[in-house]
Amino acid sequence: RIGLGRAYLGMNEKGQALLEFEQALNKQPDNPEILIELGKLQNSMGMEEQADQTFERVEKSKSSNGECFLNIAQHFVERSNLPRALKYLEMAHELSPYHPDIQRTLGQTLAKQKRHIEALAVFQQAVETYPNCEWGHVGIVSSADATAAFALKAGSQKKLLEIRNSGAEDWCDYGETLIRLGRFDDAQDA
């Protein structure tokens, strides 16, 4: 039933997809995968009250995990509803604090909301866990710049120069950050 519902969604037959998800739910009423698909579809069809009730069932399910809440959050990110996305990202992060997709999405969502200090903490946790985490260092560079944490920015810029193919522009940006820190000899070398 889940597969049929997804197939109908692929053909943009939302009404038929809704029926398939509801029938699947009749057979397995506490299955988070079915609840998530149903809730996302309800929300996209403007059935927001029903979607909220469906998502509440996911929240109460003992089978839900960080990836379940990440899935819901990504739905709200795609729909540009960042406050709702953040709610589920925080739940996901609480259950799975070192899950890289959760960390990345949470950090990026916080940054989009200009909550750079919180985003910076998430990105720092990611690079502590995964030192060569490119998206984590990119996030640090962006959020550190917004919060004037130039020492953190320089550290991540240097790491990015080591772990990815970098061009002259990346070196110049690193040099400019070093100038802000008063490290003129290092800036000249960069």
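The values are calculated or read from the model by the stated rules, or taken from the named source; none is laboratory data. Worth saying up front: this structure is predicted, and the values here are computed from it rather than measured. Here the Cβ positions follow ideal geometry from the backbone for every residue, glycine too, while neighbour counts run over all protein chains shown. The area values use the complete protein model at the heavy-atom level, side chains included, leaving out ligands, DNA and RNA. Shrake-Rupley method; radii C 1.70, N 1.55, O 1.52, S 1.80 Å.
Each Cα pair of the stretch 54-111 feeds into the Kirkwood radius, which the Stokes-Einstein equation turns, at 25 °C and 0.890 mPa s, into a diffusion coefficient of 224 µm²/s.
Under the definition of Cα pairs under 8 Å and six or more residues apart, what whole-number percent is the relative contact order of the chain? Once normalised by length, the contact order is 10 percent. Length available on full extension from N26 to K62: 0.36 nm per residue minus the Cα-Cα distance, which gives 11.2 nm.
Taking all Cα pairs closer than 8 Å and separated by 6 or more residues, the relative contact order of the stretch 69-158 comes to 19 percent. Annotation: per residue accessible area for the stretch 39-108 equals 51 Å², rounded to a whole number [probe 1.4 Å, protein chains only]. Whole-percent P(r), the chain, all Cα pairs, 5 Å bins from 0: 1, 8, 14, 15, 14, 11, 9, 8, 7, 5, 3, 2, 1, 0. Ellipsoid fit via the Cα gyration tensor, the stretch 118-190: semi-axes of 20, 14, 9 Å, each the root of five times an eigenvalue, largest first. Across the cross-link table entries K27/K112; K62/K87; K112/K159; K27/K60; K40/K112, which are compared at the Cα atoms, the separations over 30 Å belong to K27/K112. Subtracting the Cα-Cα distance of Q188 and A168 from their residue separation scaled by 0.36 nm leaves 5.9 nm. The three principal axes of the C-alpha atoms in the stretch 3-65 carry coordinate ranges of 32, 23, 18 Å, sorted with the longest axis first.
Note on E49 and N132: the extension gain reaches 25.6 nm, defined as 0.36 nm multiplied by sequence separation minus the Cα-Cα distance. Estimated at the nearest 10 Å², the accessible area of F184 is 130 Å² with a 1.4 Å probe.
To put it simply, the accessible area of the chain at a 1.4 Å probe is 47 percent carbon and sulfur. Computed about its Cα centre, the charge dipole of the chain is approximately 280 debye, with only Lys, Arg, Asp and Glu carrying charge at their Cβ. Within the same chain, aspartates and glutamates fewer than 8 places from K153 are excluded, and of the rest, those with a Cα less than 20 Å from its Cα are E118, E128, E134, D145, E162, E169, D170, D173, E176, D185, D186, D189.
In this simple spin-label approximation, K112 and L4 carry label points 7 Å from Cα along the Cα→Cβ vector, and these lie 3.4 nm apart.
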